[in-house]
1. How many residues does the range B:147-165 hold that are more than 9 Å from chain A (Cβ to nearest Cβ) and more than 30 Å from A:LEU51 (Cα to Cα)?
2. Kindly evaluate A:LEU78 against the criterion of being without any contact (Cβ under 8 Å) to a residue 40 or more places away in the chain, within 21 Å of the chain's Cα centre (by Cα) and outside any loop (DSSP other than H, G, I, E, B).
3. Mind checking whether some residue in the range A:148-155 is under 15 Å from the mean Cα position of the chain (by Cα), within 14 Å of chain B (Cβ to nearest Cβ), aromatic (Phe, Trp, Tyr) and away from ligand 2 (no atom under 16 Å from the Cβ)?
4. Go through the range A:140-153 and give me each residue that's of a type outside the set (A, V, I, L, M) and open to solvent by less than 10 Å² (accessible area, probe 1.4 Å).
5. Please work out which one of (1) out of contact with any strand residue (DSSP E or B) (no Cβ under 7 Å at 6 or more places or on another chain); (2) more than 16 Å from ligand 2 (Cβ to nearest atom); (3) assigned to a loop (DSSP other than H, G, I, E, B) is the condition A:GLU232 fails and give its number.
6. When you go through B:SER136, B:SER121, B:SER144, B:SER108 one by one, which is the residue that is away from chain A (no Cβ under 14 Å), open to solvent by less than 20 Å² (accessible area, probe 1.4 Å), polar (S, T, N, Q) and part of a helix (DSSP H, G or I)?
7. Check whether at least one residue in the range B:153-169 is over 26 Å from the mean Cα position of the chain (by Cα) and among the polar types (S, T, N, Q), and report yes or no.
8. Of these, A:ARG30, A:ARG80, which one is more than 11 Å from chain B (Cβ to nearest Cβ) and either open to solvent by 50 Å² or more (accessible area, probe 1.4 Å) or among the charged types (D, E, K, R) (or both)?
Amino acid sequence: MSEVIIEVKNLSKSFGSLEVLHNISTTFQRGEVVSIIGPSGGGKSTFLRCLNLLETPTSGSIFFEGTNLCGKGVDINLHRQKIGMVFQQFNLFNNMNVMKNLTAGPVKIRKMSEAEAQERALALLEKVGLADRSDAFPYQLSGGQKQRIAIVRSFLMEPDVMLFDEPTSALDPEMIGEVLGVMKNLAETGMTMIVVTHEMRFAREVSSRTIFLDQGIIAEDKPSRELFDHPENERLISFLKKVL
Amino acid sequence: MEFIQTIGLLLQRYSSFFADGVRNTLVIAAFSVLLGTLFGVFMAIARMSKIKPRKIIATVYIEFIRGTPLMVQLMFIFYGLPMVGITFPDIAWIPNFSRFAAGIVAMSMNSCAYVAEIIRSGIQAVDKGQMEAARSIGFTYGESMKMVVLPQAVKNILPAFGNEFVTVIKESSIVSVIGIGDLMFRTNDVIAVTYRSLPALAIAALIYFAMTFVSSRLIAAAERKMHHE
Ligand SMILES: Nc1ncnc2c1ncn2[C@@H]1O[C@H](COP(=O)(O)OP(=O)(O)OP(=O)(O)O)[C@@H](O)[C@H]1O
Ligand SMILES: [Mg+2]
């Protein structure tokens, strides 16, 4: 029944002489929600950014729906349309209002009509409770609002998988809930999600599987409940003690 | 009191000198900014290029130009180039064309380096996340630049760019040393005829100030308009 959507094979990444990822291999199934946890500097962001080639792997390969993204002659822009990404700092386009942020991709890349793109955008804004903010510019929005819109922007491209890099880490505590709520709903629709997070509740309760990425390797990789209830790795145990 | 009277007198009697100087100064400055900007854009692109040789050549050019006096660059082009057989032609219906050409070439080559640096730092001041977000949606590098980064960079670039224009107007006074009849040159003419150096220089200063003041106001107005969009 399960179908591999991303396969990571022997992925290594160095910045100069600093090797951040050491020979990582793993697979992600369609419909899976996977959390990636681990100490700061362990390589979580770098790993995630390698999946859509925002960072170029030093060696190894990333297969996305069967295509090796690192292969010669691959049009990465084409594949990125199918790999959504949500950033810690939201990264809404500062020179565009909310509606333009949402419709730029569908209209310019997917060649959707302006009217249809706006209609879809509005429907989703409604769902995340921001229908009245479509004319606002990013600087007029709170962090939580920006992040909900960034998620909608990514979702409107109809991606096959969505990557999240600490989507709630830059938010005031009272806004974390609203963003996690949207992500939970998204997970329930069956979207494939890979989420780097410090929200252990989310990892444990929403994601089906959790990866502990530490010092550039996957130190533990298990169904979430099991990982949190019966951690085995020494460093995972002390990490969980610190964050829980 | 007498000083002011002398200024009035000089302005009356030698207004055609000053007017001719202003015209030449504006011609030099306008051409230099125009060409400097045009080549500055290409130089900035080369400077940010991923292709190593391009990047190196552009970097060396920019650093060298910014690290040497305009006066030396001007002399180099006006006296040095003819020695190696490169001369600017004379054109019959434009008086002094070869001098003007040398002056404009030197000034534009100089301005090009500064403009390139202004553009580069303006682009690099835009948060890197903006480009990454656009790329992650599937836009190409060029599309992301055009749609997201450049519109934001322009707001950083414009003020510095205005300064550069004002600088070029002032610095252009240096071309008088190769015999171009700009405002500084014509002022010296007036001094040579009248021996009234201070009043003549005061007039020149006022005219330079008027030119830079008007252009910086115009640029500020353009900036305000951009911010409202
Ligand atoms: N562009 C870069 N150039 C050089 N070093 C980098 C770069 N990006 C990341 N690093 C280094 O790689 C290591 C891993 O960084 P990474 O951002 O992947 O960690 P992380 O697990 O996401 O940490 P955090 O929880 O703090 O976000 C760090 O030591 C970091 O300094
Ligand atoms: Mg990180």
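1. Here the count works out to 11.
2. Working: without any contact (Cβ under 8 Å) to a residue 40 or more places away in the chain: yes; within 21 Å of the chain's Cα centre (by Cα): yes; outside any loop (DSSP other than H, G, I, E, B): yes.
Here the answer is yes, as A:LEU78 does meet what is asked.
3. Step one: list which residues in the range A:148-155 are under 15 Å from the mean Cα position of the chain (by Cα), which gives A:148-155.
Checking which are within 14 Å of chain B (Cβ to nearest Cβ) leaves us with A:149-155.
Next, only the ones that are aromatic (Phe, Trp, Tyr) stay: A:155.
Cutting the leftovers down to away from ligand 2 (no atom under 16 Å from the Cβ) gives us A:155.
The answer is yes, given that some residue of the range A:148-155 is under 15 Å from the mean Cα position of the chain (by Cα), within 14 Å of chain B (Cβ to nearest Cβ), aromatic (Phe, Trp, Tyr) and away from ligand 2 (no atom under 16 Å from the Cβ).
4. A:GLY144, A:GLN147, listed by residue number.
5. (1)
6. Working: B:SER136 fails: away from chain A (no Cβ under 14 Å); B:SER121 fails: open to solvent by less than 20 Å² (accessible area, probe 1.4 Å); B:SER144 fails: away from chain A (no Cβ under 14 Å).
Just one listed residue meets the conditions, B:SER108.
7. no
8. Answer to the check: A:ARG30.
The values are calculated or read from the model by the stated rules, or taken from the named source; none is laboratory data. Nothing here was measured: the structure is a model prediction, and the numbers come from that model. Note that each Cβ is placed from the backbone with ideal geometry, even for glycine, and that neighbours are counted across all protein chains shown. Calculation scope for accessible area: heavy atoms of the full protein, side chains included, ligands and nucleic acids excluded. Shrake-Rupley method; radii C 1.70, N 1.55, O 1.52, S 1.80 Å.
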